[in-house]
Amino acid sequence: GQNIDQPTEMTATEGAIVQINCTYQTSGFNGLFWYQQHAGEAPTFLSYNVLDGLEEKGRFSSFLSRSKGYSYLLLKELQMKDSASYLCAVLNDYKLSFGAGTTVTVRA
Amino acid sequence: DSGVTQTPKHLITATGQRVTLRCSPRSGDLSVYWYQQSLDQGLQFLIQYYNGEERAKGNILERFSAQQFPDLHSELNLSSLELGDSALYFCASSLASGGNNEQFFGPGTRLTVL
């Protein structure tokens, strides 16, 4: 089975940094994705990690440790528009399993 | 705009009925995925097609079926609808299958079963 855990909610101030952790226990692993989803809208791709280490993409970075079954998404210089749900998803044999998502609220 | 289109945007129907949701992938994408998102279940993978063939199956009920046509568009059929089937249904597409193939999501179809 697939077990993907991430915090339910996080709150941060505009301009700050927030780190969203994701731990997973899955029967197989072919990569880990992070998606952003605004309420009522489609998820949009943020990052993909398949090897250990940090992937940086502008204000967003994602880290993976396969041996620990752990990933995090780092959001820097938070903006109000970053208020959304962030979904961690593990790819296993063509199937993408999503965590329940972390709702990030950015306050002025 | 991801380039993936879904119709209809909203659908309201009654229990016991059957509906068909339609998805057109991005131009050039061969893989189509269907997901169900309800408030209490999060985003659940239902099924994937690649170039017309079923590639992977997730938590799809037997009352649900899907297919991908030669022009690569896909349809998800939901029958004997129950109140619990009310959800947002997303279609996504990717160029190929597996690996780092980014999935592009359509805007979704909101299904309400009364």
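The values are calculated or read from the model by the stated rules, or taken from the named source; none is laboratory data. This one's a predicted model, so the numbers in the text were calculated from it and none came from an experiment. Using ideal geometry, Cβ is built from the backbone for each residue, glycine included, and neighbour counts are taken over all protein chains shown. Only protein heavy atoms, including side chains, enter the accessible area calculation; ligands, DNA and RNA are left aside. Shrake-Rupley method; radii C 1.70, N 1.55, O 1.52, S 1.80 Å.
Mind giving me the FRET efficiency for B:Leu61 and A:Gln25? R0 is 30 Å, r the Cβ-Cβ distance, nearest 0.05 is fine.
Numbers: r = 25 Å, r/R0 = 0.84.
Plugging the Cβ-Cβ distance into 1/(1 + (r/R0)^6) gives 0.75.
Model label points for A:His38 and B:Arg110, set 7 angstrom from Cα along the Cα-to-Cβ axis, are 1.5 nm apart. Based on C-alpha pairs under 8 angstrom that are at least 6 apart in sequence, chain B has a relative contact order of 37 percent. Taking label positions 7 Å along the Cα-Cβ direction at both A:Leu74 and B:Ser27, the computed distance is 3.9 nm, reported to one decimal.
Peptide A:37-45 is shielded by partner chain Cβ atoms: per residue, an average of 5 of them sit within 10 Å of its Cβ.
Once the Cα-Cα distance is subtracted from the 0.36 nm per residue extended length, the B:Gln17 to B:Glu54 segment shows a gain of 10.8 nm. Counting only protein heavy atoms and a 1.4 Å probe, chain A has 48 square angstrom of accessible area per residue. Here the average projected area of the convex hull drawn through the C-alpha atoms of the protein assembly as shown stands at 11.9 nm². The modelled label-to-label distance for the pair A:Asp93/A:Asp52, using points 7 Å beyond Cα in the direction of Cβ, is 2.6 nm.
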